[in-house]
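The values are calculated or read from the model by the stated rules, or taken from the named source; none is laboratory data. Quick caveat, the model's predicted, so the values are computed rather than measured. No Cβ is skipped: glycine too gets one built from the backbone with ideal geometry, and neighbour counts run over all protein chains shown. Heavy atoms of the whole protein, side chains included, go into the accessibility calculation; ligands, DNA and RNA do not. Shrake-Rupley method; radii C 1.70, N 1.55, O 1.52, S 1.80 Å.
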Amino acid sequence: YKYPEPIRKAIYTSNPIERMNKEIRKRLKPMNSLTNMDAAEKIVYLEMLDYNERHAQRVVPGFGMEPVKKKLLELFESRYPSVPTPDEE
């Protein structure tokens, strides 16, 4: 509950994950006679590339808001403090 209100629903939903799983099953089902595991992995990899291309410009509602971006940046920086590079020391 520490995340900003406008993005909680997007964080806690699994709909995009379930949709991606359905797409992968749809692609693999007609190919019952795959020659090996590498062939299946390649199909999954290509499906992921296609999914990323289709949704590259998509902004999940709430995540594009400036207050939300600021809060997420604060949360990220508190969890992963920046390490000084050798030239900064």
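Structure notes:
- When the range 17-73 is limited to residues that are over 28 Å from Pro4 (Cβ atoms) and open to solvent by less than 60 Å² (accessible area, probe 1.4 Å), the one that is farthest from the chain's Cα centre (by Cα) turns out to be Ala39.
- Residues located in the range 26-51, provided they are among the β-branched types (Val, Ile, Thr) and part of a loop (DSSP other than H, G, I, E, B): Thr35
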